[in-house]
Every structure is written in C-alpha cells, then in structure tokens.
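> Following this message is one structure expressed as structure tokens.
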Amino acid sequence: MINFNVQVYGKEKLLLMLHIRPHHLIDIIRNIGQGRPVVPHPYGHAQHTITQTILAGTVREISFVIGADDLCKPCIHLTAEGICKDILPQLEYRVLKQEYNDDLDRRVMEYLGLKENATVSLAAFLDMIEKNMAGLVTVCTHPKEDESSRRFGLEKGIAFVRGGWGEWEIGRVGEGER
C-alpha cells in the first residue's frame, strides 16, 4: 500500500514505499524528461499521482516487482487476480500487456542485476539508469518508439528529478502544483 506525502488536490499523504515495475518507473522518468503532462489517464491507473510524488521529492525507497504494482492497482484493465487484460496496440500481433510487460521487466531487472522485490533508493536507481543508459535504452524502447527520443527523455528526466524544478516550466508538469 502506498501513501503519498505530497499535496495532491489539497490532500496530504505520506509515501512509505513504492512497489513498481522497473519499466513503469523508467517510463515515468522518460515522460518527465519529455515534458509530458501529468494528468489522470482514462484507464484510471496511478501514473500521474506517482509522478507527482516523485517530482515532490518524497519517494525514497522503491521495491521492484514483476506483475501488478502500485501504478496498476486502480487501472480499469486490472482483474481482481492482479492480471492486466489490456492488449498492447503497437505490435503487429495481439499480445496482452501482462505478458509483454512481465518479459520486459525480467529483462530490465536482469540487465541491471536486480532481483524481484529488490529495494533501492530512487537516487541509486537513477545512478543505475545513467551507468547503463545505452543498453537499457535498447532493452526498454517500445515497438514504434524512437530510441533517441527515449534516451533524451531519460537523460533530461534524471537531471530534472535530481535537480528539482530548475529552469523547467511548472506548467509542463500538469496543474503546476508541486
């Protein structure tokens, strides 16, 4: 269970531990670097609230999982058994996101030398990404996604998460609340 210590629409909550798929955290960092808006998704998942918490600087420890995570829990495609029933649309063949993401997360964890349920600090994970950027970008780039765009987003996202708001426009992070 996650709790957030960040002002999210006027409610303060405390983050104790984030349980997340490694590719979800990598995608969030890329999205931050690409300046994507931080807004609720139609699927109802928690990407926007987790992103806000990361940007607020309250994420300290992360436990990496393969399977449904804190981001997935409120998603409309997640079954009571914790299985994602959504289909990955960008592939030429039909595959459940569950299968694709489980395989992707296993490859990411193997590449980074992590075991399932490994706990690391956000700073340590950012270091891992930086030290393994070239290979990790290749492992994580989704079908029909540009590798250079992913790399750029990760590099900028890491710098932004480490350095705070800096020169970035607050409006690029959604509602402009931190």
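Rule-based calculations on the coordinates, nothing more; no lab input. Since this is a predicted model, take the numbers as computed values, not measurements. No Cβ is skipped: glycine too gets one built from the backbone with ideal geometry, and neighbour counts run over all protein chains shown.
> Go ahead and run the numbers for FRET between SER148 and ALA80, Cβ-Cβ distance against an R0 of 45 Å, rounding to 0.05.
Efficiency, from the Cβ-Cβ distance: 0.65.
> Which ³J(HN,Hα) values in Hz, rounded to whole numbers, follow from the phi angles of region 73-83 under the Karplus curve 6.51 cos²θ - 1.76 cosθ + 1.60, where θ = phi - 60° and Gly and Pro get x?
Coupling constants for region 73-83: 3, x, 5, 5, 8, 8, 7, 4, 7, x, 10 Hz.
> Which distance in Å, rounded to a whole number, links the C-alpha centroids of region 18-36 and region 83-110?
For region 18-36 versus region 83-110, the Cα centre distance is 16 Å.
> Hey, another quick one. Restricting to DSSP loop positions (anything but H, G, I, E, B) with no more than 13 other Cβ atoms inside 10 Å of their own Cβ, which GluC sites (Glu not before Pro) remain in region 70-123?
GLU81, GLU92, GLU116
> Can you list the chymotrypsin sites (Phe, Trp or Tyr not before Pro) in region 85-114 that are in a DSSP coil and have 10 or fewer other beta carbons within 10 angstrom?
TYR93
> Still on this structure, I have one more. Taking the Cβ of each residue in CYS72, CYS84 as the centre, tally the other Cβ atoms inside 10 Å and list the residues starting with the fewest.
Going from least to most buried by this count: CYS84, CYS72.
> Could you compute how fast region 7-165 diffuses translationally, taking Rh as the Kirkwood radius over C-alpha pairs and applying Stokes-Einstein at 37 °C with viscosity 0.692 mPa s? Give it in µm² per second.
204
> Between GLN34 and ILE87, 0.36 nm times their residue separation minus their Cα-Cα distance comes to what?
16.6 nm
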